[in-house]
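Worksheet: one structure, shown below.
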Amino acid sequence: MVQSETQQRYYYATGKRKCAIAKVRLYLDDGGPMVVNGKTMEEYFNYEPWQRIVNEAFAVTNTNSRFRVIVNVLGGGVRGQAEAIRHGIAKALTVYDDTMKSTLRRHGLITRDSRIKESKKYGLKRARRAPQYTKR
């Protein structure tokens with residue numbers, strides 16, 4: 001828990017997925033709109049399944065309208081950013097209340113998904129794709 005310059009208490013955590021990094025702050029307020037990079041979540045993630053991914057940690061713990069969320073996210077694609085925000089929210093909820101950790105872990109929201117793109121190898125076209133073989 002950290003106190004900002006305006007003396008508002010918030011709970012901070014960092015979520016990661018692929019190349020996306022999300023810095024999440026949960027404020028104990030009336031549950032205002034979620035702000036992602038200065039835009040509302042509905043404006044930033046205009047596809048409903050991405051919004052469901054972001055709100056999954058709140059749905060699992062029944063804390064839908066208890067927090068005001070401010071997120072700075074960078075890197076990766078849109079889905080990776082949504083999953084990074086979900087990971088950050090889950091970690092921030094455990095900072096707020098440690099008893100939620102078992103519920104969040106049971107749904108797989110605490111564990112960081114460490115799969116990233118495999119790097120390209122010398123002499124190959126991609127990570128594992130070899131050049132096409134020609135007989136003649």
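Just so you know, all these numbers are worked out from the coordinates, no wet-lab data involved. Here the structure is a predicted model, which means the values were calculated and not measured. Note that each Cβ is placed from the backbone with ideal geometry, even for glycine, and that neighbours are counted across all protein chains shown.
Odds and ends about this structure:
- Of all residues in the stretch 39-54, those being under 21 Å from THR14 (Cβ atoms) and in contact with a Pro (Cβ under 9 Å, 6 or more places away or on another chain) number 1.
- Selection from the stretch 86-111 of residues that are surrounded by 11 or more Cβ atoms within 10 Å (Cβ to Cβ) and basic (Lys, Arg): ARG86, LYS91, LYS101, ARG105
- Checking each residue in the stretch 112-126 for being loosely packed, with under 11 Cβ neighbours inside 10 Å, under 23 Å from LYS16 (Cα atoms) and free of Cβ contacts under 8 Å to residues at least 40 places away in the same chain picks out SER114, GLU118, SER119.
- The one condition in (1) free of Cβ contacts under 8 Å to residues at least 40 places away in the same chain; (2) of a type in the set (A, V, I, L, M); (3) crowded, with 21+ Cβ neighbours inside 10 Å; (4) touching an Asp or Glu at 6+ places or on another chain (Cβ under 8 Å) that ILE53 fails to fulfil: (3)
- Residues of the stretch 16-44 satisfying the condition of being closer than 16 Å to GLY75 by Cβ and in contact (Cβ under 8 Å) with a residue 12 or more places away in the chain: LYS16, ARG17, LYS18, CYS19, ALA20, ILE21, ALA22, LYS23, VAL24, VAL36, ASN37
- Against the list (1) closer than 24 Å to ARG115 by Cα; (2) in contact (Cβ under 8 Å) with a residue 40 or more places away in the chain; (3) out of contact with any Gly (no Cβ under 9 Å at 6 or more places or on another chain), the condition ALA13 fails is (3).
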